[in-house]
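J.: Following this message is one structure expressed as structure tokens.
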Amino acid sequence: MQNAYAKFAERRQKLEEQYNDEYFLKQHKRGKLTALERIHLLFDEDSFEEMDAFSPPANVSFGKSTKAMGDGVIAGYGTVNGRQVFAFAQDFNVLGGSLGTAHANKIIKIQDMALKTGSPIVGLIDSGGARIQEGVSSLAGYAGIFRRNVLASGVIPQISVIMGPAAGGAVYSPALTDFIFMTADTSYMFVTGPDVVKQVLNQEVTPEELGGASVHAFKSGVADFVFNDDEHTILGVKALLSFLPDNHIENPPTMVSDDPVDRIDEQLRKMVPDDPNQPYDVRDIIKTVVDKNRFLEIAENHAANIITGFARIGGYVTGIIANQPKVLAGALDIDSSVKAARFINFCDSFNIPIVTFEDVPGFLPGTDQEHSGIIRHGAKLLYAYARATVPKITVVLRKSYGGAYIVMNSKNLGGDFNFAWPTAEIAVMGPEGAIAILYRKELEAAEDPEALKKELAAKYRDEIANPYISDEKGFIDEVIDPAYTRLKLYRALKVLEKKTVTLPGRKHGNTPL
Ligand code: HXC
């Protein structure tokens with residue numbers, strides 16, 4: 001017996017010794033925390049249970065090997081703010097966090113466990129990709145991970161946190177998950193690195209320019225969240241988790257709010273400017289309406305003409321989508337359509353009601369958009385709204401014109417509640433376009449075309465581009481006083497709490513791609 005325990009203690013001590021001062025220092029010098037520190041930051045104190053801590057690395061013949069126990073990844077489960085979560089953290093100190101067979105098997109094991117138990121999974125990624133000396137086995141390991149990412153999609157929330165390199169095919173596991181966090185300056189993601197770019201295209205590019213956090217936050221839209229350091233990135237992950245259910249069967253965690261649902265905000269009446277062409281920041285409206293002005297925005301710097309994020313209204317977790325008049329007048333383009341569609345798909349998978357604040361002049365015109373496939377990409381947004389079975393509520397703040405009216409959760413597309421503010425302009429097109437088509441001859445013949453345009457625009461707004469025709473026809477359920485928006489939304493969410501919809505049976509739909 002004594003021998004058995006001595007061996008047990010010896011193994012544990014060896015593992016502890018692995019995490020010596022040098023181990024921490026090496027990674028701190030790179031401006032990063034170690035895998036162990038990251039795990040401890042993520043999980044509630046003393047709640048993390050490590051699995052397969054002693055996995056030996058594979059025996060490989062190419063010389064470069066490691067004796068590190070655990071094969072460069074810490075994997076296991078614990079609680080985050082009291083809720084069960086699985087996670088793995090790649091250890092850059094062990095062969096650059098590269099993915100060998102044992103390393104892959106550990107990740108695969110917790111992916112399977114997370115799926116079986118219906119728990120969210122978080123991957124803390126800091127890796128040089130497939131471990132070169134393990135050859136095809138490490139590629140097979142990635143394939144196993146990717147397949148599980150796909151199987152778990154829409155079943156449990158999957159979050160990827162890039163805290164160092166993510167190179168080569170390694171970027172595709174994060175890309176298959178629901179949200180990607182990146183840490184500024186220390187993380188980057190690319191399919192082919194700067195060396196290959198140089199060889200193939202003879203272009204000089206730094207890792208940061210090719211796939212740093214700001215590239216993915218602003219341009220590519222790959223990163224949903226960017227924080228300045230490891231600590232804040234992990235805090236961001238915890239904030240996101242607080243809005244998400246454990247799995248697709250459960251509802252997102254409601255929270256009793258001390259922000260009264262019948263709080264009346266008269267300032268909302270002044271938030272849409274009198275001049276229909278004057279921009280404003282729709283975030284101000286969102287924050288005024290939601291509980292305690294708390295709004296967790298997603299991908300705030302990418303496709304900024306649409307806003308997406310999570311908030312609570314009367315305690316109900318809500319996915320918020322809003323056209324942003326401050327950017328491109330809120331027009332829908334390819335990037336904003338894709339951004340919003342993806343967000344809707346997530347909300348719908350995880351029982352999160354969607355509230356849409358609408359102020360959209362239409363789709364962005366031009367050859368650039370048409371040639372890049374706005375038809376295909378705009379269809380993604382239509383498809384996502386129309387397919388979603390979660391409660392769907394729209395508030396038309398101002399413009400709601402043409403195809404964009406239809407797309408943004410209009411009544412006939414499946415909106416459960418469609419409200420409009422008195423400032424709403426709902427019509428086939430804006431006054432300028434409509435007058436140019438309908439009154440072309442009269443304008444050509446007019447002595448003072450500008451005066452006639454002005455007169456006709458006022459008439460058009462009064463007679464056509466207002467919310468009352470839609471209200472009378474039932475396309476709008478109610479024209480509301482903006483000050484009461486919060487209460488109206490809360491009541492709508494409450495009445496829709498038990499909404500059920502059954503879609504026609506099928507293997508799966510053919511989403512436009
Ligand atoms: C084995 C690796 C490794 C890898 C890094 N290391 N990447 N070992 N396989 N893929 C080791 C290094 O040899 C080094 O070991 C240690 O990790 C740290 O690496 P450095 O290069 O010293 O660090 P740094 O300068 O910070 O550069 C990090 C890096 C670079 C940018 C990640 O190492 C790199 O470019 N690695 C290769 C990236 C890559 O091309 N991976 C394969 C992608 S293909 P020592 O012992 O010296 O400390 C792929 C296919 C996936 O992933 C397939 C899915 C379909």
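J.: Counting only residues that are within 18 Å of N323 (Cβ to Cβ) and of a type outside the set (S, T, N, Q), give me the helices (runs of 4 or more DSSP H) lying completely in the stretch 365-433 with at least 2 of them.
T.: 374-387, 402-407
J.: I've got another one for you. Can you pull out the residues in the stretch 96-127 that are on the phi > 0 side of the Ramachandran plot and within 8 Å of the ligand (Cβ to nearest atom)?
T.: Listed by number, the residues that qualify are G96, G97.
J.: Continuing with the same structure: With the condition kept exactly as written, say whether any residue in the stretch 168-182 is within 25 Å of G128 (Cβ to Cβ), assigned to a loop (DSSP other than H, G, I, E, B) and free of Cβ contacts under 8 Å to residues at least 40 places away in the same chain.
T.: Checked against the condition, which is being within 25 Å of G128 (Cβ to Cβ), assigned to a loop (DSSP other than H, G, I, E, B) and free of Cβ contacts under 8 Å to residues at least 40 places away in the same chain, the stretch 168-182 yields no hits at all.
J.: Can you tell me which residue in the stretch 69-92 is farthest from the ligand (Cβ to nearest atom), limited to those that are assigned to a loop (DSSP other than H, G, I, E, B) and closer than 21 Å to F43 by Cα?
T.: Only one residue fits best here, namely G82.
J.: Quick check, is A130 within 11 Å of the ligand (Cβ to nearest atom), in contact with a Leu (Cβ under 6 Å, 6 or more places away or on another chain) and open to solvent by 10 Å² or more (accessible area, probe 1.4 Å)? Before you say what the answer is, go through the steps one by one.
T.: Details: within 11 Å of the ligand (Cβ to nearest atom): yes; in contact with a Leu (Cβ under 6 Å, 6 or more places away or on another chain): yes; open to solvent by 10 Å² or more (accessible area, probe 1.4 Å): yes.
It is true that A130 is within 11 Å of the ligand (Cβ to nearest atom), in contact with a Leu (Cβ under 6 Å, 6 or more places away or on another chain) and open to solvent by 10 Å² or more (accessible area, probe 1.4 Å).
J.: Identify all residues within the stretch 82-105 that are free of Cβ contacts under 8 Å to residues at least 40 places away in the same chain and under 26 Å from the mean Cα position of the chain (by Cα); write none if there are none.
T.: If the condition is that a residue be free of Cβ contacts under 8 Å to residues at least 40 places away in the same chain and under 26 Å from the mean Cα position of the chain (by Cα), then G82, F86, F88 are the ones that fit.
J.: How do the pairs read when you match residues in the stretch 260-279 that are open to solvent by 70 Å² or more (accessible area, probe 1.4 Å) with residues anywhere that are β-branched (V, I, T), using Cβ under 8 Å and keeping only pairs 6 or more apart or on different chains?
T.: From the stretch 260-279, the pairs are Q267/T288.
J.: What do you reckon, is V237 farther than 28 Å from I334 by Cβ, in contact with a Phe, Trp or Tyr (Cβ under 8 Å, 6 or more places away or on another chain), open to solvent by less than 80 Å² (accessible area, probe 1.4 Å) and not in a loop (DSSP other than H, G, I, E, B)?
T.: Yes.
J.: When you scan the stretch 313-328, how many residues do you find that are open to solvent by 10 Å² or more (accessible area, probe 1.4 Å) and without any contact (Cβ under 8 Å) to a residue 60 or more places away in the chain?
T.: Matching residues across the stretch 313-328 total 3.
The values are calculated or read from the model by the stated rules, or taken from the named source; none is laboratory data. In this text, all values refer to a predicted model and were calculated from it rather than measured experimentally. Virtual Cβ from ideal backbone geometry, glycine too; neighbours counted across all protein chains shown. Only protein heavy atoms, including side chains, enter the accessible area calculation; ligands, DNA and RNA are left aside. Shrake-Rupley method; radii C 1.70, N 1.55, O 1.52, S 1.80 Å.
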